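The values are calculated or read from the model by the stated rules, or taken from the named source; none is laboratory data. Fair warning: this is a prediction, and the values are worked out from it, not measured in the lab. Here the Cβ positions follow ideal geometry from the backbone for every residue, glycine too, while neighbour counts run over all protein chains shown.
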Amino acid sequence: MSILVDEATQVIVQGITGRDGAFHTHQMIEYGTKVVGGVTPGKGGVKTEDGVPVFNSMSEAVAETGANTSVVYVPATFAADAVCEAADAAITLVVCITEGIPVQDMVKILPYLDSRGARMIGPNSPGIISPGKSKVGIMPGAIHRQGPVGVVSRSGTLTYEVVYHLSELGLGQSTCMGIGGDPIVGTNLLDALALFADDDQTDAVVLIGEIGGNDEEEAAAVIARNYPKKVAAFIAGRTAPPGKRMGHAGAIVTGGTGTAAEKIAAFEKAGVEVADTPADVARIMKGLLT
Amino acid sequence: MKIHEAHARKIFSDFGLPVPPSRMITSSAEARAATEEIPGPFVVKAQVLVGGRGKAGGVKLAGTPDEAVEKAETILGMEIKGITVDKVLIAHAVDIAHELYAGIIVDRRSRRPLMMVSPSGGIDIEEVARTTPEKILKIRIDPMWGLLPFQIRQMTSFLTDDREAAKQIGRALAALYQAFMGVDASLAEINPLVISPDRKVWAIDAKINIDDNGLIRRKSIAELRDESAEDPGEVEARSNGLSFVKLDGSIGCIVNGAGLAMATMDMIKHYGAEPANFLDIGGSSSPEKVLAAMRIILRDPNVKSILINIFGGITRCDDVASGIIEAKNELGIDVPLVVRLTGTNEEAAKKILAGTDLIPAETMDGGVKKAIEMAGS
């Protein structure tokens, strides 16, 4: 088992003929992901260098391939529309890599996705990978190993850093999910914890949070209430000054809330050890699992 | 993106909010001209993008045109939190019977616009939330339906017993919501929204923050950005597609990805030093971005060493390595450079950097320790 993506995942790449879309389609196929089609409006009817058929619309792509998942690489201006198109075509998991979707678009598309029974990961996400099964996103596949640790993160490269240390210590991963660095995302930390809680392969969860919002505090409260898996955490942004956006749209301390100190205190109160460095998370996890 | 009060007032006024007449001026002559157009009495307000200007003496009342010009001259050139005031707003000052608060944000928890109103206006709303939370009413808005009439009634009856004022407040709240949505705001705030003794409602202050992601479709709003009010390094970084925040320490850092960049700063602090900056070169990074990043960091005289920490995914290590070499050749770097490159095209990067005086590090921990050690020597 694993969560959300596995061997049965069949992927349509939205924006497959763009620079990033084409590059990562190739990378995903190399990893073993079943990429069954792509969509770029107006470019349907051809095949990519990897032999993936390109369609003009998501409804056409889904009808022809039976895909259940899509990954979105289209530019920010068109990304919200692409996500809605996927949901309307009965795609159940939409992974949005695109950064820069206006927050007011997110406010509108999430109820739309709910009404069609689709889940969104992202936007501004590195994607999701179940090692050895399927990679839907842009993370380097080679650092991952299959195993019992679930990873959920608001970040991209910081997740790679942590995963690298986990794999070095022999701790493989069930699924690693980057939920995205925006203030409003389709799948948040709480959703991810709930999914990992029900997953047989996952024995423990690494949670990588950062400044901004209150998701981590709410996650800590959930963990404190008999969460069935062991959890270790890392919080980025202890040294971030207030009122400054630290790269991610959602990474900002406002009005004295959303600080790393508050989040760390919440986890410690919930009995979750918070690592001082990315390498320490892996060491803590090793301790929890042995 | 923050915009000046003068611009926020214009936006509010365009969306139908009752805003007293005002002008933004940059000189004494313009101040004089403004007082000839605007009826007195006046309020004269420094236009800076930091809070606390009132306490710093940046807001003054003036009865006559002469007094207003004199106050404007005092405020122009004044320093507020290290920023020199070069723009001043002169507005008609209305008489105040009651001060209310109205604001709207995108609420992360409910994933919806959230309007907040309070009968305790004119003071910091976070202070009200801390001391008298019962004096704030929060209304979550369904973006598909917008602000509904019953929600407006809930808020107006919470704010006042005066039915004439309530009607005007209701129209103002509806306009506030339209303005918020209409400019892709992440925050729109009127503090205070006032009722005058003759029972007229006025927005006498205006604050709007724009969602940076919304600027792609708000060209006219994007032009309101005041780069003179920002750190020059941050302006230069943005124009090069970098994300940069200046800090006070001595270890410069160049990192790919916001989370890893924050974690790098935190680790510098963890091992006993202070980071000089936050800098994320972003995803598909070109050598040019690395060069720009290096130029911005080297301008800070506090920087004693620079750590480059890259975990290549989309970012290719060889691109970064080429950028480092270019920067070395063009900029004449005289501080130690510690380089940690791992991930995509790592081997190619190592070949590019072989034989240089760059200090290699295998791990993030090792790189941070090395950069701190080099800064101290």
### Task
Could you check how many residues of region B:239-275 are more than 11 Å from chain A (Cβ to nearest Cβ), modelled with pLDDT under 95 and either assigned to a helix (DSSP H, G or I) or under 15 Å from B:K304 (Cβ atoms) (or both)?
1
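Could you run through region B:346-372 and say how many residues are of a type in the set (K, R) and modelled with pLDDT under 95?
As a first pass, look at region B:346-372 and keep what is of a type in the set (K, R): B:350-351, B:369-370.
Remaining after also requiring modelled with pLDDT under 95: B:350-351.
Of the residues in that region, 2 qualify.
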### Summary
Quick count over region A:137-167, residues being over 12 Å from the mean Cα position of the chain (by Cα) and of a type in the set (A, V, I, L, M, F, W, C), is 7
### Query
Within region B:205-226, is even one residue over 29 Å from A:A80 (Cβ atoms) and within 12 Å of chain A (Cβ to nearest Cβ)?
no
### Task
Inspect all residues belonging to region B:213-226 and state whether any of them is closer than 27 Å to B:D365 by Cβ, touching a Ser or Thr at 6+ places or on another chain (Cβ under 8 Å) and aliphatic (A, V, I, L, M).
no
### Query
If A:D199 passes every condition in (1) in a helix (DSSP H, G or I); (2) of a type outside the set (V, I, T); (3) more than 9 Å from chain B (Cβ to nearest Cβ); (4) surrounded by fewer than 23 Cβ atoms within 10 Å (Cβ to Cβ) but one, which one does it miss?
(1)
#### Entry: Segments classed as strands (runs of 3 or more DSSP E), wholly inside region B:18-68, with at least 1 members that are assigned by TED's automatic domain parsing to the domain that holds B:M78 and free of Cβ contacts under 8 Å to residues at least 40 places away in the same chain
B:59-62
### Task
State which residue is farthest from the chain's Cα centre (by Cα) when the search covers only region A:82-101 and only residues that are closer than 26 Å to B:A188 by Cα and surrounded by fewer than 24 Cβ atoms within 10 Å (Cβ to Cβ).
A:G100
### Summary
Residue set B:V338, B:V290, B:V303, B:V368; condition in the same structural domain as B:N256 (by TED's automatic domain parsing) and part of a strand (DSSP E or B); output residue B:V338
### Query
Do we have A:V71 as outside any loop (DSSP other than H, G, I, E, B), modelled with pLDDT of 95 or more and crowded, with 24+ Cβ neighbours inside 10 Å here?
yes
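Table: residues versus (1) of a type in the set (S, T, N, Q); (2) assigned by TED's automatic domain parsing to the domain that holds B:V43; (3) under 26 Å from B:I90 (Cβ atoms).
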| site | (1), (2), (3) |
| --- | --- |
| B:I136 | no, no, no |
| B:G146 | no, no, no |
| B:R153 | no, no, no |
| B:S157 | yes, no, no |
| B:K167 | no, no, no |
| B:L193 | no, no, yes |
| B:D198 | no, no, yes |
| B:A203 | no, no, yes |
| B:K207 | no, no, yes |
### Task
Output the residue which, of all residues in region A:245-282 that are more than 20 Å from B:A273 (Cβ to Cβ) and charged (D, E, K, R), is nearest to the other protein chains (Cβ to nearest Cβ).
A:R245
### Query
Residue check: is A:V206 closer than 30 Å to A:V103 by Cβ and assigned to a strand (DSSP E or B)?
yes
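So that you can scan it fast, the table gives a plain yes or no per residue for (1) of a type in the set (F, W, Y); (2) within 14 Å of chain A (Cβ to nearest Cβ); (3) surrounded by 14 or more Cβ atoms within 10 Å (Cβ to Cβ):
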{"site": "B:A102", "(1), (2), (3)": "no, no, yes"}
{"site": "B:L114", "(1), (2), (3)": "no, yes, yes"}
{"site": "B:S120", "(1), (2), (3)": "no, no, yes"}
{"site": "B:D124", "(1), (2), (3)": "no, yes, no"}
{"site": "B:A129", "(1), (2), (3)": "no, yes, yes"}
{"site": "B:W145", "(1), (2), (3)": "yes, yes, no"}
{"site": "B:L148", "(1), (2), (3)": "no, no, no"}
{"site": "B:T160", "(1), (2), (3)": "no, no, yes"}
{"site": "B:A175", "(1), (2), (3)": "no, no, yes"}
### Neighbours by Cβ (under 7 Å, 6+ apart or cross-chain): first from region B:352-364, assigned to a loop (DSSP other than H, G, I, E, B); second among the small types (G, A, S)
B:A361/B:G367
### Filter pass, A:A192 being within 14 Å of another protein chain (Cβ to nearest Cβ), assigned to a helix (DSSP H, G or I) and buried (at least 20 other Cβ atoms within 10 Å of the Cβ)
no
### Message
Looking at A:A232, A:A219, A:A224, can you tell me which residue is more than 9 Å from chain B (Cβ to nearest Cβ) and surrounded by fewer than 22 Cβ atoms within 10 Å (Cβ to Cβ)?
### Response
A:A224
### Task
Determine, yes or no, whether B:I96 is part of a loop (DSSP other than H, G, I, E, B), at pLDDT 95 or above and not acidic (D, E).
yes
